Amino acid sequence: MHDNPLTLPLSSLRSHQAIVVEQRDWFADDELRRALALAVAAGDKAQGTTSPNPPVGAAVVAVDGEIAGVGATQPVGGPHAEVMALRQAGAQAEGATMVVTLEPCAHTGRTGPCVDAIIDAGIARVLYCQKDPSALAAGGASALEQAGVETEYLGLAVKALEPWLYAQQCNRPYVVVKIAQTADGFVAAADGTSQWITGSAARQAGHRFRAQADAIMVGTGTVLADNPTLSARDAQGNELAKQPRPIVVGTRSIPTESMLWQRGVEQFSSPTKALEWLWDHGQRLVLVEGGPELITSMVQENLVDELHLYLAPLLLGAGKGSVGQLAGTLEHATRFYVEATEMVGQDVALVMRRAR
């Protein structure tokens with residue numbers, strides 16, 4: 001567990017919303033604060049394993065104030081976070097409070113409704129961070145209230161849920177583009193060399209995010225030039241248990257001797273067709289790693305939701321740019337806003353969101 005879990009909501013949720021939460025009476029309760037921190041952390045760890053379901057976390061606070069159970073949504077077909085937390089809590093769920101990052105579901109899919117499990121366990125109170133926007137699963141809060149369970153919507157943005165929530169709104173996967181470039185905007189030198197622009201710490205951060213994504217997308221140019229595996233690996237180069245589905249966009253043929261051909265890869269003529277197919281196959285978070293032509297096309301088509309930009313302390317002055325021309329004037333520039341910055345080794349990492 002975290003050394004100081006009470007601070008986790010402030011680092012995991014948007015700061016302005018966390019400030020609002022601190023003013024609520026229940027947030028003065030240390031165990032409820034800790035339960036929220038543990039629920040958020042559980043959902044964080046579930047990222048990349050739950051699609052098409054959201055990575056939800058839940059925690060149960062027993063009547064005596066102790067944390068009785070913590071759970072996260074399991075891979076598709078498995079129990080949801082609430083059920084996992086209730087299993088751990090056992091008899092201590094009677095009269096307890098549950099903190100969950102997403103409104104409990106009220107429908108029967110591969111598993112039964114979470115609201116039924118909560119009611120049957122005797123939970124007295126449910127605090128949830130985000131409302132479920134899906135037409136199929138929504139209505140859990142109303143069902144709980146009708147059964148006499150005190151229910152409160154907290155209105156907290158949970159980072160792990162944001163891609164899934166946005167995907168529900170636009171009916172396509174949430175798209176994150178990763179670019180590793182020099183300080184002056186190049187992804188390769190004039191002679192074509194590109195390994196490695198960023199340092200090992202930045203590359204490892206990229207691999208950790210690959211493991212959270214449902215799919216990873218590149219263009220045929222990247223396949224022909226670099227013959228990538230697009231796998232998620234640890235610091236020792238070993239493949240992680242969770243791997244993103246490899247996707248290639250472009251009309252050029254993929255060589256049968258390429259690494260991606262050996263892994264099994266889906267190819268599409270356009271990013272739009274790729275995203276449609278991924279959505280239909282339950283994929284909700286897609287990572288795009290280039291190259292410049294694919295990224296430029298996706299920005300132009302308004303398909304980029306988030307940008308992870310790694311800036312290396314290098315200057316080339318010439319080479320291959322990270323994107324092609326998008327606008328001729330500042331007025332028509334594609335605008336993002338910076339959500340976070342961090343030093344990763346000697347490189348600077350920026351997380352930027354598309355301005356909408």
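So who's got an amide H within less than 5 Å of the one on residue 65, skipping anything under 5 residues away but keeping other chains? H placed 1.01 Å off N, in plane.
When sequence neighbours closer than 5 places are left aside, there are no close amide H contacts.
Using 0.36 nm times the number of residues separating residue 329 and residue 195, minus their current alpha carbon distance, what extension gain do you get?
Separation in residues times 0.36 nm, less the Cα-Cα distance, equals 45.0 nm.
If each of residue 242 and residue 340 carries a label point 7 Å out from its Cα toward its Cβ, how far apart are those two points in nm?
About 1.5 nm, to one decimal.
Taking a point 7 angstrom from the Cα of residue 94 along the C-beta vector, which residues in region 106-145 have backbone N less than 18 Å away?
117-125
Might you tell me the accessible area per residue for the chain, computed with a 1.4 Å probe and given in Å²?
Spelled out: the 1.4 Å probe surface of the chain, per residue, equals 46 Å².
Could you give the length gained by full extension between residue 353 and residue 281, i.e. 0.36 nm per residue of separation minus their alpha carbon distance, to one decimal place?
Net length gain for the segment: 23.4 nm.
Take the alpha carbon atoms of region 277-336, find their center, do the same for region 31-65, and report the distance between the two centers in whole angstrom.
32
Whose amide H sits under 5 Å from the amide H of residue 180, counting only residues 5 or more places off or on another chain, with H placed in the peptide plane?
For residue 180, the qualifying residues are 310.
Around residue 52, what is the net charge, scoring Lys/Arg as +1 and Asp/Glu as -1 over all other residues with Cβ under 14 Å from its Cβ?
Here the charged neighbours net out to +1.
Give the accessible area for residue 336 in Å² (nearest 10); use a 1.4 Å probe, count only protein heavy atoms, and leave out ligands, DNA and RNA.
60
Among 107, 332, what's the order by accessible area (1.4 angstrom probe), most exposed first?
Greatest to least solvent exposure: 332, 107.
Grab the DSSP H runs of the chain that are 4 residues or longer, score each as -39,500 (n - 2.57), total them, divide by all residues and round the 222 nm result to the nearest 500 deg cm²/dmol.
-8500 deg cm²/dmol
Net charge near residue 289: determine it from the other residues with C-beta under 12 Å of the C-beta of residue 289, scoring Lys and Arg +1 and Asp and Glu -1.
The answer is +2.
Note down the nm distance, to one decimal, between modelled labels 7 Å out along Cα→Cβ at residue 120 and at residue 147.
In this crude spin-label approximation the distance works out to 0.9 nm.
Scan the chain and note any complete DSSP helix (H) whose C-alpha atoms cover at least 15 Å along its axis and whose Kyte-Doolittle average is -0.5 or more.
Membrane-span-like by this rule: 30-45.
For a test of understanding, tell me how many lysine pairs in the chain have Cα atoms under 17 Å apart, given they are 8 or more places apart or on different chains.
Eligible lysine pairs with Cα atoms under 17 Å apart amount to 4.
So for 277, 196, 261, what's the accessible-area order with a 1.4 Å probe, most first?
Descending accessible area places them as 196, 261, 277.
Using the crude model of +1 on Lys and Arg Cβ and -1 on Asp and Glu Cβ, and no other charge, please compute the dipole size for region 29-138 relative to its Cα centre, in debye to 20.
I would put it at about 340 debye.
So, with a 1.4 angstrom probe, what is the percent of accessible area on the chain that is carbon and sulfur?
49
Please sort by residue number the trypsin sites (Lys or Arg not before Pro) in region 180-275 whose DSSP state is loop and whose Cβ has at most 14 other Cβ atoms within 10 Å.
Those that pass, being in a loop and sparsely packed, are 252.
The values are calculated or read from the model by the stated rules, or taken from the named source; none is laboratory data. Being a predicted model, the structure only gives us computed values, none of them experimental. Every residue, glycine as well, gets a Cβ built from its backbone with ideal geometry; the counts of neighbours run over all protein chains shown. With ligands, DNA and RNA removed, areas are computed over all heavy atoms of the protein, side chains included. Shrake-Rupley method; radii C 1.70, N 1.55, O 1.52, S 1.80 Å.
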